[in-house]
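First the structure, in the form of structure tokens, and then the observations on it.
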Amino acid sequence: MSLPILPRTRVWLSNNTVSIIINGEMAKRLCYRYKVDPRRSAALLSTFSSIFQGLIPYGAQMLIVTGFTAGLISPLDVLPYTWFLYLLAISCS
């Protein structure tokens, strides 16, 4: 239920824990309102924060990968190979 809210926060924050803390209370209210298991809501928050952390160009994963190549590739060059993130997103739907 918190999916539309979390990506907006993830775009601005490059820290999973901070974005979960910011969105946690709202997600808790939504899961009670729409009768979603709180464990499911927590799992979705964690999963989607990990997905967006891997996709943003200033996230730790992308900075490390592009740093290893000494700037020879850009984060956009890496995106086609982040298949784990895509599989993770598909498994949540």
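The values are calculated or read from the model by the stated rules, or taken from the named source; none is laboratory data. Small disclaimer: the values here were computed from a predicted structure and weren't measured. Backbone-built Cβ (ideal geometry, glycine too); neighbour counts: all protein chains shown. Remember, those area values only see protein heavy atoms, side chains included, never the ligands or the DNA or RNA. Shrake-Rupley method; radii C 1.70, N 1.55, O 1.52, S 1.80 Å.
Step by step: first the residues of the stretch 55-64, then only those that are in contact (Cβ under 8 Å) with a residue 12 or more places away in the chain and surrounded by fewer than 17 Cβ atoms within 10 Å (Cβ to Cβ), then the one that is farthest from residue 84 (Cα to Cα). Which residue is that? Per the criteria, the residue is 58. Scanning the stretch 65-93 for residues that are open to solvent by less than 70 Å² (accessible area, probe 1.4 Å) and not in a helix (DSSP H, G or I), we see that the one that is nearest to residue 29 (Cα to Cα) is 82. Within the set 55, 72, the sole residue that is under 25 Å from residue 22 (Cβ atoms) and touching a helix residue (DSSP H, G or I) at 6+ places or on another chain (Cβ under 9 Å) turns out to be 55. The residue that is modelled with the highest pLDDT, counting only those in the stretch 4-40 that are surrounded by 13 or more Cβ atoms within 10 Å (Cβ to Cβ) and outside any helix (DSSP H, G or I), is 36.
Out of curiosity, is residue 43 part of a helix (DSSP H, G or I), small (Gly, Ala, Ser), surrounded by 14 or more Cβ atoms within 10 Å (Cβ to Cβ) and at pLDDT 85 or above? Criteria not met by residue 43.
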